[in-house]
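Enquirer: Just passing along the structure, written as structure tokens.
The values are calculated or read from the model by the stated rules, or taken from the named source; none is laboratory data. Keep in mind that this is a model prediction, so the values were computed, not measured. Calculation scope for accessible area: heavy atoms of the full protein, side chains included, ligands and nucleic acids excluded. Shrake-Rupley method; radii C 1.70, N 1.55, O 1.52, S 1.80 Å.
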Amino acid sequence: MPARSIGTGTLSFGMVSIPIRMYSAGESASAVSFNLLHGKCKSRLKQQYVCPKDNEIVPREQMVKGYEFSKEQYVTFTEDELKAMAEETQKAIEITEFVPASKVDPVYFDGAYYLGPEKGGEKAYRLLNEAMKQTGRAALAKWAARGKQYLVMIRPVGNGLVMQQLLYRDEVRPISEVPIDDAEVKPAELKLAVQIVEQIASDEFRPENYEDEVRKRYHEAIQKKVEGQEITAAPEAPRAQIIDLMEALKASLAAKGATAAARSAEAAAASSAEKATGTEG
């Protein structure tokens, strides 16, 4: 099923302007949410806003938006004033510079969108895609939407373009704010740690190997409740407490080795079964 466009615009670099369509790059599955009910009759509760000073419920038409400029001191704004302050939505995505994609730390990554060519923009779109692939660079650009100006990175993927929304510098905390005490790493410990890394290393990211197991468990439990079954917590498997780091590394290496061997055996058995089925056919 073809993706549905969520908007149109233009992507410009230099004097070149490319008409584009924007598409959502993903459909994030929301976490399982629960509603608050009245325990007596199981009716869903309604949220109300109460003024603590007057001790009365405030209807929405009597609400105003305010900014706290000092402790419990607010300046209020009308809807027209808020619109005047907001960045106007612009359909133009203006490229400001090209940088090596590897130089943009993924810690800045936020949401992502696909960009596709609008009718008449196919050649310029393909030209930009090929130029970025040949130079090994991605584009940094400015994009205004939803009352805010965004910093975005546009990079080539195959024959298409991905627009990666970025956080601004002041929106990312430096790692220096995290307290990290110094510690000595022994050569033997490092050698075992490297072996563990290499034992479970892959040359590429395969997203199909992962799923949200917690959400799956929630849905299974909810279905049981719908069918009238009770939910009981599974007993937690006891874990051996390993204090010595070398002992923990060796145990990890042994466990990973056993898992890898089991997977290899399963793959070999599956391959043999497929061959046997093919021979019988």
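Enquirer: Mean 1/r over all different Cα pairs, inverted: what Kirkwood radius does the range 19-58 give, in Å? Before the final figure, lay out each step's value.
Expert: Numbers: mean 1/r = 0.0668 Å⁻¹.
After inverting the pairwise mean of 1/r, the radius is 15.0 Å.
Enquirer: Here's another thing I want to ask about it. From the cross-link list Lys65/Lys142; Lys91/Lys119; Lys65/Lys91; Lys186/Lys250; Lys71/Lys148, which pairs have alpha carbons spaced over 18 Å apart? Can you show the working numbers first?
Expert: On the way: Lys65/Lys142 28 Å; Lys91/Lys119 16 Å; Lys65/Lys91 28 Å; Lys186/Lys250 14 Å; Lys71/Lys148 26 Å.
Beyond 18 Å between Cα atoms: Lys65/Lys142; Lys65/Lys91; Lys71/Lys148.
Enquirer: Ignoring ligands and nucleic acids, what accessible area does Val50 show with a 1.4 Å probe (Å², nearest 10)?
Expert: For Val50, the solvent-accessible surface is approximately 80 Å².
Enquirer: Here is a follow-up. Using a 1.4 Å probe and ignoring any ligands, DNA or RNA, find the accessible area of Tyr49 and quote it in Å² to the nearest 10.
Expert: 110
Enquirer: Using a 1.4 Å probe, what is the accessible area per residue for the range 34-139, in Å²? Each step should come with its number before you reach the end.
Expert: Working: 9060 Å² over 106 residues.
Averaged over the residues of the range 34-139, the accessible area is 85 Å².
Enquirer: Work the Kirkwood hydrodynamic radius out for the range 1-103: mean of 1/r over every pair of different alpha-carbon atoms, inverted, in Å. Don't skip to the answer; put the middle values down first.
Expert: Values: mean 1/r = 0.0492 Å⁻¹.
Kirkwood hydrodynamic radius for the range 1-103: 20.3 Å.
Enquirer: Once the whole set of protein chains is in place, how much accessible area is left on Asp212, using a 1.4 Å probe, in Å² to the nearest 10?
Expert: 80
Enquirer: Something else now. Tell me, rounded to the nearest percent, the portion of alpha carbon pairs in the range 159-221 spaced more than 14 Å apart. Don't skip to the end; give the middle numbers.
Expert: Details: 1593 of 1953 pairs.
The share of Cα pairs beyond 14 Å in the range 159-221 comes to 82 percent.
Enquirer: Students sometimes get this wrong: rank Tyr210, Tyr150 by accessible area, probe 1.4 Å, all chains present, largest first. Each step should come with its number before you reach the end.
Expert: Values: Tyr210 170, Tyr150 25 Å².
Output order, biggest surface exposure first: Tyr210, Tyr150.
Enquirer: So what are the radius of gyration and Dmax for the Cα set of the range 98-198, in Å?
Expert: Values for the range 98-198 (Cα only, Rg and Dmax): 19.4, 62 Å.
Enquirer: May I pose another question? Aspartates and glutamates within cross-link reach of Lys46: Cα-Cα under 18 Å, excluding same-chain residues under 8 positions apart?
Expert: Output for Lys46: Glu56, Glu61.
Enquirer: I've got another one for you. Shape verdict for the range 93-154, please, from the Cα gyration tensor: rounded (a/c under 1.5), prolate (a/b greater than b/c) or oblate. Walk me through the numbers on the way to the answer.
Expert: Details: a/c = 2.08, a/b = 1.15, b/c = 1.82.
Oblate, because a/c is 1.5 or more while a/b does not exceed b/c.
Enquirer: Please list Thr10, Thr96, Thr232 from largest to smallest accessible area, probe radius 1.4 Å, with all protein chains kept in place.
Expert: Numbers: Thr10 50, Thr96 75, Thr232 115 Å².
Greatest to least solvent exposure: Thr232, Thr96, Thr10.
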